[in-house]
1. Restricting attention to region 407-416, and to residues there that are surrounded by fewer than 16 Cβ atoms within 10 Å (Cβ to Cβ) and at negative phi, which single residue is modelled with the lowest pLDDT?
2. Does residue 275 qualify as being assigned to a loop (DSSP other than H, G, I, E, B) and surrounded by fewer than 24 Cβ atoms within 10 Å (Cβ to Cβ)?
3. Could you check, for region 28-38, whether at least one of its residues is within 16 Å of ligand 2 (Cβ to nearest atom) and modelled with pLDDT under 95?
4. Would you be able to say whether some residue in region 41-49 is within 19 Å of residue 136 (Cβ to Cβ) and not in a loop (DSSP other than H, G, I, E, B)?
5. Test residue 112 against the criterion of being crowded, with 18+ Cβ neighbours inside 10 Å and either part of a helix (DSSP H, G or I) or more than 30 Å from the chain's Cα centre (by Cα) (or both), and give yes or no.
6. Mind listing just one residue for me: the one in region 161-187 that is part of a loop (DSSP other than H, G, I, E, B) and more than 16 Å from ligand 2 (Cβ to nearest atom) and, of those, farthest from residue 227 (Cα to Cα)?
7. Please indicate, with yes or no, whether at least one residue in region 211-224 is under 28 Å from residue 86 (Cα atoms) and buried (at least 21 other Cβ atoms within 10 Å of the Cβ).
Ligand code: KIV
Ligand code: ZN
């Protein structure tokens, strides 16, 4: 099934799974508010389908999918479910408020998954496919069925399952490269063969879903489209299980820039790609690698003399797309301590933020405080400040004050006062360096067993008065929580980042007693 547009070029549907497959990867956990902010941006950017979560996984996932469904504008809101009826029903309940809704239900079809993960015979799996799609169709007309580990599935069995799923009412058929194993040519042939062999294949839209274990997720997705798939599943910044999923921004810009050989269209407003990348990086606290295609900080930087010379003569010498087309703005000296509320609001709008009420007030107060300490305020400073405001607005535990004694004389000492749900508590700790002293003080005030997996510092802008942005990852019971903190004082930023991760960890704990189900370790998916 294809959908030619007015331009005569087939429309490729962009299915974003940042909030499901992306959020599922270790350390990328987002808070409820962060998920809402990401979903809103994806909707505004023109994403066709937002996979908002896996409702049966936890109360938190359910609540997020439901609220995203309530707030949805144009995008179809989709939830994931395994084959079990209780999963499918829970998913249907979560997406109910959406204007347009989809149930995405999946089941493994490869020999290795059927034997070891499902412990089921192929004929049992075949019957489950029919049952799961039929159940999903009893809730909505828009049903997607995925053959998990599709690229390692035997072709005859894959075709039989796809035919049965379509017959049972699936309107989209997704064939995932779950383990990132396929190659472009192989994936092309897979779609070509399935579409040719399955008698009712014209009744469904075919979809790609590629993981990046061998670095071919984007190339594979585009190969699938060349073979007739018309939906691509992808994530912002390519976040996802292991090496991640196909990156949305790379797919969209490849289609736009090489439309001569990829004659398709998408509904994405590409000028919002940079903003989306920054929001997801801030919400997940997953930094974007400097040389990442499209959204890396070096993606449009020209360092060598020869390149700079060429660029000055004509930008096309070394640029195949303009920075503006993906929403990169020239770094500008934006504001200082004399800038007022109007200028601040205007700048926020220019950067793509829509803050209101207390959040706007708090961000403005923090901007003023920053402007008092830092002469030159750049766009990046404001982005770091606002991203932190959004990420930490609902934190239970906040830094009230911090004094650190550091230097050669030792021992390094931190005196820390925290606000824990309105109660102020203070302690003093010594440590092997100032950061160690601060983290020990936090541990004394908020006892916990989590281990520190990552501590990383980078400067938001240039200059010795630049804000520091610190990332901290904590892990407990096999789950990781990452957060960022920004401040002109690296030690304060460190405390904020640690507390950010701790807030995520404790809020997850209170929402989901015990370890919640994760989809790849379960028995019916
Ligand atoms: O990678 C995968 O197979 C998945 C499915 C659940 C679609 O994420
Ligand atoms: Zn996946």
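The values are calculated or read from the model by the stated rules, or taken from the named source; none is laboratory data. Since we're looking at a predicted model, the values are computed, not measured. Reconstructed Cβ throughout: ideal geometry from the backbone, glycine too, with neighbour counts over all protein chains shown.
1. So the residue we want is 409.
2. Against the criterion (assigned to a loop (DSSP other than H, G, I, E, B) and surrounded by fewer than 24 Cβ atoms within 10 Å (Cβ to Cβ)), residue 275 does not qualify.
3. Yes: one or more hits.
4. Yes, some residue in region 41-49 is within 19 Å of residue 136 (Cβ to Cβ) and not in a loop (DSSP other than H, G, I, E, B).
5. For residue 112, the condition - crowded, with 18+ Cβ neighbours inside 10 Å and either part of a helix (DSSP H, G or I) or more than 30 Å from the chain's Cα centre (by Cα) (or both) - is not met.
6. Filtering first and then ranking leaves 169.
7. Yes, there is a match, as at least one residue in region 211-224 is under 28 Å from residue 86 (Cα atoms) and buried (at least 21 other Cβ atoms within 10 Å of the Cβ).
Residue-wise test of (1) part of a helix (DSSP H, G or I); (2) within 15 Å of ligand 1 (Cβ to nearest atom); (3) modelled with pLDDT of 95 or more.
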{"site": "189", "(1), (2), (3)": "yes, no, yes"}
{"site": "193", "(1), (2), (3)": "yes, no, yes"}
{"site": "209", "(1), (2), (3)": "no, yes, yes"}
{"site": "215", "(1), (2), (3)": "no, no, yes"}
{"site": "234", "(1), (2), (3)": "no, yes, yes"}
{"site": "254", "(1), (2), (3)": "yes, no, yes"}
